[in-house]
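The values are calculated or read from the model by the stated rules, or taken from the named source; none is laboratory data. This structure is a prediction, so every number in the text was calculated from the model and none was measured. We place every Cβ from the backbone using ideal geometry, glycine too, and count neighbours over all the protein chains shown.
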Amino acid sequence: MIELDDSLVSWVRDLRRWFHSHPEPSFKEHQTQEKVVQVLSDLGIECRRAGQTGVIADVRGNGPRRTIALRADMDALRIKEAETELNREYRSQNDGVMHACGHDAHMAMLLGAARWLLEHWDRLPGNVRLIFQPAEEVPPGGAGLMIADGCLEGVDAIVAVHVFGNMPLSRIGFRSGPFMAATRTFKVTIKGKPGHHMCPQNNIDPIQIAARFVSTIQTDIRQRLNPNARYVLGFGEVHSGSQHNQTPAEAEVVGTFRSYDVRDSETIVAAMKSNLDGLMETFGAGHDRIAPGNSDRVPSPSEVQSPFSPSYILEAEPAYPPLVNNPAFTRRATEVLRASLPNVDDDMEPNLGGEDFASYLQERPGMFLFLGGGNPERGITAMNHSDRFDMDEAVLATGTKVLLTLATDFLTDPASYLGRLA
Ligand SMILES: [Zn+2]
Ligand SMILES: [Zn+2]
């Protein structure tokens, strides 16, 4: 059983407050990176910068055995933090940027784990890799850059925890297998034919095409997907036009879609293409040739049109892969966590959020766990990404313990986590 002394717990809390008051958005985590490097150096842990604004370090134990990686993400969000009773002492000092997803806590807990591991290195039968990763919030995410920079070299397994605002304090929630979604951002650019509203027969209105797309795509996707497949598609932005009496040239629709299976996400892209192909045909009909001439009379301006077909560009960014917890690893982790912590839910419902930790889990066995930071009695109930998001800081000790429990147990008995791989 891992015990943390009070000085370590308050050190972690102070670090979390420092990170919280100095939030930086994705790939801009310069001050954050400096702070991590400085804290590790003060502890005497060698580290290197990676993934633009990330940091990699190792705590070496006694003996060159297995290595387990623990990962914290570093970026904040472009959200203006609300003033609350709770955050008076550590409110964001960077106006319009806020640690609204708990990544401040993730870094503090990982540093806390590093300090504990250093104090116990002689009883540590292996190594722990510390991964501080930038830009979790923007696809394709910072994980890929960290992996390209070698953060998984020599690593046998990997773990991360994530604070969740509307989950009861210190509950630990996860499940074996698919746990979070493959998420993709899409952008449809529709090119119509601009013109004066007085002669609609000459124009092709991209706003109407966009509106048809928005109102019909969900049905088209349903027609193509296995009825048991779960997905969501949401629209985030629609842009078009600059003049009230002109049919504009272009319209743009932007959104995300999420599923537990990458094959479903390919089906969704195919449904979008055929939906848009159909719309191009419908709206382009009659515009693809020069209006028939009539030698008996001079054609009116509205009859004279040049050949034109509407067109579209569909961009669907590569997804965060679905996040899949390794079954053998999760089985052993469940036993160990249940034995040492009070509130462990190994049957948490999967969710359609996206998380770039999925990329590490494609490369190495391991798991991702949610950690409850909410406390309704103290008014802490806001969900992640809310401007009132906060946490009961008691979660910091729990999260540090989860990281240390799994890291030390893995290094003591890797075979029970890796199954046949060990
Ligand atoms: Zn987030
Ligand atoms: Zn997050």
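Looking at region 341-352, is at least one residue closer than 14 Å to A160 by Cβ and away from ligand 2 (no atom under 14 Å from the Cβ)? Checked region 341-352: no residue is closer than 14 Å to A160 by Cβ and away from ligand 2 (no atom under 14 Å from the Cβ). The residues of region 61-86 that are among the small types (G, A, S), away from ligand 1 (no atom under 16 Å from the Cβ) and surrounded by 24 or more Cβ atoms within 10 Å (Cβ to Cβ) amount to a single one, A69.
Residues of region 190-205 that are surrounded by fewer than 14 Cβ atoms within 10 Å (Cβ to Cβ) and either in contact with a strand residue (DSSP E or B) (Cβ under 9 Å, 6 or more places away or on another chain) or closer than 15 Å to S240 by Cα (or both): H196, H197, P200.
Residues in region 112-143 that are among the β-branched types (V, I, T), surrounded by 17 or more Cβ atoms within 10 Å (Cβ to Cβ) and within 16 Å of ligand 2 (Cβ to nearest atom): I131 only. Among the residues of region 154-183, write down those that are surrounded by fewer than 24 Cβ atoms within 10 Å (Cβ to Cβ) and either more than 16 Å from ligand 2 (Cβ to nearest atom) or over 19 Å from the mean Cα position of the chain (by Cα) (or both). Within region 154-183, G154, V155, D156, P168, L169, S170, R171, R175, S176, G177, P178 qualify.
Scanning region 139-186 for residues that are part of a loop (DSSP other than H, G, I, E, B) and hydroxyl-bearing (S, T, Y) turns up S170, S176. Residues in region 194-216 that are in contact with a helix residue (DSSP H, G or I) (Cβ under 8 Å, 6 or more places away or on another chain), at pLDDT below 95 and in a helix (DSSP H, G or I): 2 in all. Applying the criterion of being closer than 19 Å to S170 by Cβ and small (G, A, S) to the residues of region 93-111, the residue that is farthest from ligand 2 (Cβ to nearest atom) is A108.
Among the residues of region 377-391, the ones that are surrounded by fewer than 21 Cβ atoms within 10 Å (Cβ to Cβ) and either under 19 Å from the mean Cα position of the chain (by Cα) or closer than 27 Å to T334 by Cβ (or both) come to 6 in all. Residue selection: A415 satisfies the criterion of being outside the structural domain of A285 (by TED's automatic domain parsing), over 20 Å from the mean Cα position of the chain (by Cα) and exposed (fewer than 15 other Cβ atoms within 10 Å of the Cβ). For region 60-80, a tally of residues being over 18 Å from M146 (Cα atoms) and more than 16 Å from ligand 2 (Cβ to nearest atom) returns 8.
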